[in-house]
Amino acid sequence: GLRQQYFHKCVLLICAHTVGDFTRGVIVNRPTNRRTARGWRLWYGGDVQGLMAQDHMQHISCLHKSTNEALLAVSETVIKGVYMCSLQNAETHVDLGNACEQDFWALVGYAGWGPGQLQMEIDDRSSWFVAA
């Protein structure tokens with residue numbers, strides 16, 4: 001099994017996968033009591049560039065389901081109807097009136113796997129249950 005406690009009973013959304021290269025995902029069921037400089041609630045997305053990293057090294061991304069064209073232009077499609085952008089882009093589009101804070105789920109950090117690592121954890125170790 002996995003030794004990291006934060007993976008225990010976590011729900012993980014795979015955001016990017018390149019065969020033979022790298023897989024990136026975010027944990028979506030770990031709220032924190034932390035806030036961004038503008039007061040947005042932060043969720044624990046993973047240990048890589050997460051809460052334990054120095055502030056300037058933290059990676060904050062935002063999930064959303066907005067269909068605003070300007071916001072979609074600075075977002076990546078994760079799955080149909082779910083998109084990801086940077087915190088900076090989310091804040092900019094709130095300031096422009098294209099979205100509101102409640103449209104975003106701010107996640108600090110992410111989980112990452114090297115080539116074949118996640119597949120091995122699924123196939124050989126049964127560390128993960130795949131939902132879709």
Handout entry: Inverse of mean 1/r across different Cα pairs in the stretch 30-78, Kirkwood, Å
Key = 12.5 Å
Fill in the blank from the handout: Note on the stretch 61-132: the mean projected area of its alpha-carbon convex hull, in nm², is 5.9 nm²
Exercise for the section: Can you work out the accessible area per residue across the chain, with the rest of the protein chains kept in place, probe 1.4 Å, in square angstrom? Expected result: 62 Å²
Handout entry: Dipole magnitude (debye, nearest 20) for the chain, charges at Cβ of Lys, Arg, Asp, Glu
Key = 440 debye
Exercise for the section: Report relative contact order for the stretch 18-79 in percent, whole number only (criteria: Cα-Cα under 8 Å, sequence separation at least 6). Expected result: 19 percent
Problem - Coil-residue chymotrypsin sites (Phe, Trp or Tyr not before Pro) of the stretch 29-132, DSSP, other Cβ within 10 Å capped at 12 - result: F129
Problem - Fully extended contour minus Cα-Cα distance, from R34 to S127, at 0.36 nm per residue - result: 30.6 nm
Exercise for the section: Whole Å is fine, so just give me how far the alpha carbon centre of the stretch 102-132 lies from that of the stretch 1-49. Expected result: 9 Å
Problem - For the chain, fraction of C-alpha pairs farther apart than 22 Å, in % - result: 39 percent
Practice task
Just add up the charged neighbours of V94: K/R +1, D/E -1, any other residue whose Cβ is under 9 Å from the Cβ of V94.
Solution key: -3
Fill in the blank from the handout: Those trypsin sites (Lys or Arg not before Pro) from the stretch 24-124 that are DSSP loop and have at most 14 other Cβ neighbours within 10 Å turn out to be R38, K65, K80
Practice task
Could you grab the relative contact order for the chain? Cα pairs under 8 Å, six or more apart, rounded to a whole percent.
Solution key: 29 percent
Handout entry: Fraction of accessible area attributable to carbon and sulfur, the chain (%, probe 1.4 Å)
Key = 51 percent
Fill in the blank from the handout: Charge tally for neighbours of E76 with beta carbon under 14 Å away, counting Lys, Arg as +1 and Asp, Glu as -1, is +3
Problem - Positive-end extreme of charge dipole, the chain - chosen from A132, I79, G114 (charges on Cβ) - result: A132
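The values are calculated or read from the model by the stated rules, or taken from the named source; none is laboratory data. Just so it is clear, the model here is predicted, and its values are computed rather than measured. Ideal geometry is used to build each Cβ from the backbone, glycine not excepted, and the neighbour counts take in all protein chains shown. We work out accessible area using only protein heavy atoms, side chains counted, and drop any ligands, DNA or RNA first. Shrake-Rupley method; radii C 1.70, N 1.55, O 1.52, S 1.80 Å.
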